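*Asks:* Before anything else, here's the structure in question.
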Amino acid sequence: MLDPKTFYRKLDTLFYKIGLETRGKVFLFTIADELFKTFGSDLHIEPGRIYEERGNEFVLISGAVGSSRQFTKKIPAASEALQALLKSKTYIFDNPSLTIDKSIYNEKEYKIDAAIVVKDSDSRWIIVFELAGGWVREEIEFCFNTVRTMLNYRFISEAAKNEMEQAAHIQQSLLPAIPPDLKELKIAGRSQPAELVGGDLYDYFNFDEDGFGVCIGDASGHGLPAALLVRDVVTGLRMGLEKHMKMVYTFKKLNNVIYQSVYSTRFISIFYAEIEKDGIIQFVNAGHPAPILFDGNKFSELESTGLIFGALPEIQLTRGFAQITPGSVLVLYTDGIIERKSPTIEDFSIDRLKEVIKANYKKNPQEILDEIFAASDNFGARAKWEDDATVVVIKRN
């Protein structure tokens, strides 16, 4: 009987190697070899071999290194022995009438097969080891089950990570790569997700040389559920917003779509503005933090003109008006900026945001944007962002 402390220490070493090993064609081969090297003498395990599922059979893709035995090349998936393995995930073939490879009984010494099932989202394999005399069922089953669980967890984690990375790429593709090139206005925007994917959005709508549209939004929560809502909103806005369409009507329709397509606890705040060549701003603000307008002397805030989206099937939403004069700066932001916490649990706050804007408003929009993020990040001691943070800076020449 293997000493428990030694057993667990060796398992830890094996798990560490599983974590370090790079996924690829030889990943399972390497792990099977490491399992043999780690526990071969203790558990009476012979080198392992690997079968891969292909159609209605499992095909040998790696024989046991160093073994002179001629293993069966293919195992029908419908065979009773393989079905027993697939059902239990770990199986010791100690019954001569139920075996995956009858050639083992031609061996001069006592040996039986034991196997585990490993799978990812696309493939399934079985790793088979020979057990020599002296094996103990409890030790084999515990070791094999633990290793199998660890391998499957690794596959599942990587599959989930890959899907999240794909979602992140899709979301990044929805954000504008570059701002519109306008004579009267200069623009810069940036979004910092708290997780791999986020719940903030911003977008530009370049209608014609007389003006353009800009929006910013913040879905409740963050991560994948919020990102899916952002995708729907961005798509809806791009399809629905055209010059000369009534913005209030468009946003009321979008609210109804959001209300019907998501859970009632899932909301999104949106600010949208159309800025004319002469600096006139028409906007709707559906429950979003009020954008800040600074002309070098005083601050103005573009307050809410209606409820947050998704709360009710129909909302009252009106237009607001403002003007961005030459040299003025308009800053759109999400609450991830102003609610960033210091080590003493104090908010960055709107007042600090205004201080940054006032101190840097003569700079270009990209520089102002960078200063805002740097100030908020430093205020939070450069810790991980707890909420998605987005800023759009617009400056009139």
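The values are calculated or read from the model by the stated rules, or taken from the named source; none is laboratory data. Just so it is clear, the structure is predicted and the values come from calculations on it, not from any experiment. Cβ atoms come from the backbone with ideal geometry, glycine included; neighbour counts cover every protein chain shown.
*Asks:* Just need a number here: residues in region 99-120 that are among the β-branched types (Val, Ile, Thr) and more than 22 Å from Phe39 (Cα to Cα).
*Replies:* So the count comes out to 2.
*Asks:* To continue, here is another question. I'd like the residue in region 311-327 that is of a type outside the set (A, V, I, L, M, F, W, C) and under 17 Å from Cys215 (Cα atoms) and, out of all such residues, is surrounded by the most Cβ atoms within 10 Å (Cβ to Cβ).
*Replies:* Gly320
*Asks:* Scan Asn256, Asn297 and give me the residue that is closer than 27 Å to Val356 by Cα and of a type in the set (S, T, N, Q).
*Replies:* Asn297
*Asks:* Out of curiosity, is Phe36 within 16 Å of Leu151 (Cα to Cα), modelled with pLDDT of 90 or more, assigned by TED's automatic domain parsing to the domain that holds Gly134 and assigned to a helix (DSSP H, G or I)? Lay out the reasoning, then the answer.
*Replies:* Values: within 16 Å of Leu151 (Cα to Cα): yes; modelled with pLDDT of 90 or more: yes; assigned by TED's automatic domain parsing to the domain that holds Gly134: yes; assigned to a helix (DSSP H, G or I): yes.
Yes, satisfied.
*Asks:* So, of the residues in region 344-393 that are basic (Lys, Arg) and assigned to a loop (DSSP other than H, G, I, E, B), which turns out to be surrounded by the most Cβ atoms within 10 Å (Cβ to Cβ)?
*Replies:* Lys363
*Asks:* From Ile275, Ile281, Ile270, grab the single residue that is assigned to a strand (DSSP E or B) and within 24 Å of Asp232 (Cβ to Cβ).
*Replies:* Exactly one residue qualifies, and that residue is Ile270.
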